[in-house]
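Computed from the coordinates by the stated procedures, all read-outs in this text should not be read as laboratory data. The structure displayed is predicted, hence computed values, not measured ones. Here the Cβ is made from the backbone with ideal geometry for all residues, glycine too, and neighbour counts use every protein chain on show.
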Amino acid sequence: MHRIVVVGGGAAGLELATRLGNQHGRGGRASVTLVERARTHLWKPLLHAVAAGAIDRGQHELNYLAQAHWHHFTYCFGEMTGLDRAAREIELGATFDEEAREITPASRLGYDTLIMAVGSVTNDFGTPGAAEYAIPLETPDQATRFNRRLINACLRANSQSEPVRPGQLHVAIIGAGATGTELAAELHQTVRAIVAYGLDRIVPERDIRIILVEAAPRILPALPQRIADETMRLLREMGVEVRTGTRVAEVGAEGILLADGGFLPCELIVWAAGVKGPDFLHELGGLETNRINQLVVEQTLRTTRDPAIFAMGDCAACPQPGQAQTVPPRAQAAHQMASHMVGQVERILNGRPLEPFVYKDFGSLVSLGEYSTVGSLMGFLVGRSFFVEGIFARLMYRSLYQMHLAALHGRAPTLWRYWLSLFSQRPAPRVKLH
């Protein structure tokens, strides 16, 4: 039986393991194993909403063990620490609980086809203090940690005898890409909602300040100019302070030091600037990596130095014919790669040649919470993109999440659950308060 191992249970990895389990695991044609160090899955584009308290992560998380049972693959709880290409085995480190008791021992797992889908991590570019004082938004636990710090800061400021200190309720978001921009908009709304629940000693217009810091000349540097301009206009209407062309020199407990010598006092700091492959990928088993630790792959998604190993999603540096840039680390690219790998595995099992992956850019959407959604969609019939905003753009943004759920559960169950959710809303605060 052909042994397929997928490492990483993000959007791409989980979608792939689910589809391969349904197609090949059910009939015993191949064994499919998903290796993941977390217990539950949360769609990564939702992390900014969890951090702001706009959604409850528990309502959107998916249990890996249950998903594996339902879709005929094996869930292996653990973290990959090494690779033995000669033996075709991956090394897994021991896992421990909060009380330092061992859950699973160190082990080795054999494969015939290995697919790396470990995603990306925040790149702080070695900025002093960033790792100690700024919270990245890579995992649900980090998003929850920031949300707790935010609520605790509001409760602390409301209960203290002295007035709110300058910077005490200031939030600095370093990096004005999609994550940072969407977080700024969500925070503008949710912080005021938290204060409205009886924290009457806090005056939002006086005490709360949200600062978006970007080193590039404009926000959303990877997206079209028109989206950036419209998003900037909306952020300014909200009162979010945006600083472009501003580089951070150091992060501290009481604020951030700018490269021009300025200082921004703030006790809540999020680092959302830049991504890279996880550090353990560097020289993993002698595989080729680029300067940001991504695994270099051919256009077939096969790694350049081992025909049995593939990579996809944010951890893969996949070439685009005729372009200097590799496929961008975006959710739609990960979804397309997962779909392509389903076909590649079928070709491997049938002994047929692999086919090249071709990335299709379907556009970009940026959600600004309840205020608006803006973006551009690719019109392949007319050969150019067109700008969208408002209700239509918001519906398109939500449909991306529904497409991810459909890949995990099927279209009919996803549609049924969506309609049920519309009629089963329980009375609850507008934001998560715990």
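What the table below lists for this structure:
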read-out: Count - residues of the range 136-167 that are among the polar types (S, T, N, Q) and assigned to a loop (DSSP other than H, G, I, E, B); value: 3
read-out: Qualifying positions in the range 165-188 - farther than 24 Å from Thr122 by Cβ and surrounded by fewer than 19 Cβ atoms within 10 Å (Cβ to Cβ); value: Arg165, Pro166
read-out: Whichever residue in the range 175-198 is more than 18 Å from the chain's Cα centre (by Cα) and not in a helix (DSSP H, G or I) and, among such residues, is farthest from Leu234 (Cα to Cα); value: Gly198
read-out: Odd one out for Ala273, checked against (1) touching a residue at least 24 places away in the same chain (Cβ under 8 Å); (2) of a type in the set (A, V, I, L, M, F, W, C); (3) surrounded by fewer than 23 Cβ atoms within 10 Å (Cβ to Cβ); value: (3)
read-out: Qualifying strands (runs of 3 or more DSSP E) (wholly inside the range 205-275; at least 2 residues being touching a Pro at 6+ places or on another chain (Cβ under 8 Å)); value: 248-252, 268-271
read-out: Count - residues of the range 308-329 that are more than 21 Å from the chain's Cα centre (by Cα), assigned to a loop (DSSP other than H, G, I, E, B) and closer than 17 Å to Val7 by Cβ; value: 1
read-out: Residue pairs meeting the criteria (Cβ under 9 Å; at least 6 apart or on separate chains; first within 23 Å of Gly175 (Cα to Cα), in the range 201-213; second polar (S, T, N, Q)); value: Asp207/Gln168; Leu212/Thr181; Leu212/Thr244; Val213/Thr244; Val213/Thr246
read-out: Pick from the range 109-119, criterion assigned to a loop (DSSP other than H, G, I, E, B) and not hydroxyl-bearing (Ser, Thr, Tyr), ranking: surrounded by the fewest Cβ atoms within 10 Å (Cβ to Cβ); value: Asp112
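Rundown of residues vs (1) loosely packed, with under 14 Cβ neighbours inside 10 Å; (2) more than 23 Å from Arg3 (Cα to Cα), yes/no style:
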| site | (1), (2) |
| --- | --- |
| Arg88 | no, no |
| Ser107 | yes, no |
| Val121 | no, yes |
| Asp124 | no, yes |
